[in-house]
Each structure stands twice: as structure tokens, then as C-alpha cells.
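Below you'll find the structure, written out as C-alpha cells, and then a few comments.
Read-outs: derived from the displayed coordinates by stated rules, not from any lab. These numbers were taken from a predicted model, which means no experiment stands behind them. Positions of Cβ are backbone-derived with ideal geometry, glycine not excepted, and every protein chain shown enters the neighbour counts.
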Amino acid sequence: MVFIMKENELIQAWKAEEEIAHIHGWDFSHIDGRYMEDTNFPWNYRQVIGECLTPDMKLLDIDTGGGEFLLSLGHPYENTAATEDYPPNVQLCKETLLPLGIDFRQADGKGKLPFDDNSFDVVIDRHGDINPPEIYRVLKPGGIFVSQQVGAENDRELVKLLCGDLPLPFPEQYADKAANAFQKEGFSILHQEECFSPIRFYDVGALTWFARVLPWEFTGFSVDTHIQNLMKAQQVLENKGYIEGKTHRFLLVARK
């Protein structure tokens with residue numbers, strides 16, 4: 001009876017996490033202290049951008065999220081533009097970026113960018129969609145594209161634990177494949193690099209929340225349909241003290 005009560009309490013706690021699983025911008029603060037993601041990659045994305053960018057240059061951030069990272073760069077607002085297409089983030093960008101004088105426009109990173117040819121000195125894209133022909137078009141001659149991307153194998157151990165053997169959602173997301181696509185478009189590849197880093201969860205509720213805000217990775221996941229796998233995750237947690245997976249990231253720097 002004690003185990004059943006514990007199990008029921010766990011399920012209710014996981015369902016509570018599922019109910020509130022949404023993010024504004026790209027904010028994971030809800031699970032701060034309940035998970036750890038190693039972001040000490042072999043490169044520093046901010047530093048790589050800084051080496052390419054001067055205040056007089058025109059900068060575009062594709063799929064800016066809520067604009068948090070873009071604003072942290074401190075680039076002159078009058079020389080800054082951004083796109084985003086996820087509705088909650090679009091509204092957030094309208095409220096935060098437009099009043100500053102940043103040229104924000106709603107657009108899908110996979111589609112046509114709503115800017116003229118040869119508009120930007122630097123285009124950046126952190127974990128968003130990339131469209132090499134459009135990026136080539138909006139960059140000035142000699143312009144630089146800098147992107148940190150989520151790789152195809154991101155969180156796969158966690159996905160397998162909760163959902164079984166799902167197909168890769170983005171099988172083209174490898175550094176070499178991305179570099180080849182940009183080279184075919186006429187870019188020169190200045191740098192490419194790839195890494196896998198640990199991610200750990202210290203309670204299954206945090207993992208439940210995480211899985212629900214990443215439905216493109218944890219396809220079809222819900223507490224009701226995946227209770228047995230959540231119980232397996234709970235057993236792993238109780239045995240090891242954490243549940244571990246690996247993130248997959250790569251960096252690409254290319255010149256038009």
C-alpha cells in the first residue's frame with residue numbers, strides 16, 4: 001500500500017508538471033536546480049560573434065526566440081534586426097524589441113526572409129532553422145554567418161528512456177551536412193565544430209516538464225500514455241541519483 005501511495009503521488013506530481021509545461025521566450029528557469037546542462041562547449045558562441053561584429057555593422061538574428069540572447073550582445077539597436085515565428089515569442093518580441101528600435105519582423109527561418117538582398121554584414125542563428133539560399137541572399141558580399149545548432153542526436157538517451165526508439169526528428173542536423181549545404185550555395189566555410197555534452201535531471205518531474213516543452217524530440221509523450229517509462233526513469237533516479245543524457249551541438253561559421 002505504501003508503494004501504491006508513493007506511485008500515485010509521483011504520478012500526480014508529474015501531471016502537475018505536464019499542466020504547466022510551457023515557456024515564454026526560451027526560459028528554462030522553472031527547472032533551475034533540478035537539472036544540469038553542461039554548456040562548456042569547445043567554442044564560445046558569443047565570442048565567435050564578437051570576433052566578426054563591429055558596432056557599425058548590420059546584424060540579423062534569425063529565430064531570435066524572445067530576443068534574450070540578441071539583447072545580451074549589446075549591439076546598437078539601429079543596426080539590429082531579428083525574426084521569429086513562434087506566436088508567443090512573436091508577441092514577446094513585439095513588446096520588447098520594437099520599442100527599442102530593433103527591426104523585428106515575423107518570419108519562419110525555413111522560408112523567405114523579409115529583407116532586401118545584401119542587407120546584412122553578419123547573420124546569426126542560435127538553435128533556429130537555417131535556409132542557406134536565403135541567408136546567402138540577405139548577406140552582403142563578404143558577410144559572415146555564425147550559427148550554433150542543436151544536432152540530430154540531441155537528448156537521444158532521454159528520448160529512448162521515455163518514448164522508446166523514435167526516429168531522429170532532424171536527421172540532417174550534423175556539422176558536415178550543414179557545411180556541405182552552405183558550400184553548395186557558394187559560401188566558404190571558415191569553421192565547423194561538433195560536440196556532445198552531458199545533461200542530468202535530479203527529479204522525474206523536471207524531466208517530464210522538459211519533455212513536454214520539446215514535443216519535436218519527445219513525440220507523443222504524455223504522463224498518461226508513458227507512465228511505465230516514467231516509472232523506469234524514477235527507478236534510474238533512485239539507483240543513481242540522477243538521469244543522464246547527452247546534448248548534441250555544432251558550430252558553423254561561413255562567409256559569402
TODO: Check Val122, Val138 and return the single one that is closer than 19 Å to Ile62 by Cα, touching a Phe, Trp or Tyr at 6+ places or on another chain (Cβ under 7 Å) and not small (Gly, Ala, Ser).
DONE: Val138
TODO: Tally the residues that are out of contact with any helix residue (DSSP H, G or I) (no Cβ under 7 Å at 6 or more places or on another chain), in contact (Cβ under 8 Å) with a residue 60 or more places away in the chain and among the aliphatic types (A, V, I, L, M), restricting the search to the range 40-90.
DONE: 4
Task: Residue pairs meeting the criteria (Cβ under 7 Å; at least 6 apart or on separate chains; first small (Gly, Ala, Ser), in the range 125-144; second assigned to a loop (DSSP other than H, G, I, E, B) and buried (at least 20 other Cβ atoms within 10 Å of the Cβ)) - done: Gly128/Asp63; Gly142/Lys256; Gly143/Lys256
Task: In the range 123-143, the residues that are touching a strand residue (DSSP E or B) at 6+ places or on another chain (Cβ under 8 Å) and not in a strand (DSSP E or B) - done: His127, Gly128, Asp129, Ile130, Ile135, Val138
Task: Residues that are within 27 Å of Asp125 (Cβ to Cβ) and in contact with a His (Cβ under 9 Å, 6 or more places away or on another chain), drawn from the range 182-217 - done: Glu194, Cys195, Phe196, Ser197, Trp209, Ala211, Arg212, Val213
Open item on the list: Go through (1) exposed (fewer than 15 other Cβ atoms within 10 Å of the Cβ); (2) touching a helix residue (DSSP H, G or I) at 6+ places or on another chain (Cβ under 9 Å); (3) at positive phi for Gly142 and report which single condition fails.
Closed with: (2)
Task: helices (runs of 4 or more DSSP H) wholly inside the range 38-106 containing at least 1 residues that are of a type in the set (Lys, Arg) - done: 45-52, 87-96
Open item on the list: Can you tell me which condition Asp108 does not meet? The list is (1) in contact with a Phe, Trp or Tyr (Cβ under 6 Å, 6 or more places away or on another chain); (2) under 21 Å from His22 (Cα atoms); (3) surrounded by fewer than 18 Cβ atoms within 10 Å (Cβ to Cβ), and all the others hold.
Closed with: (1)
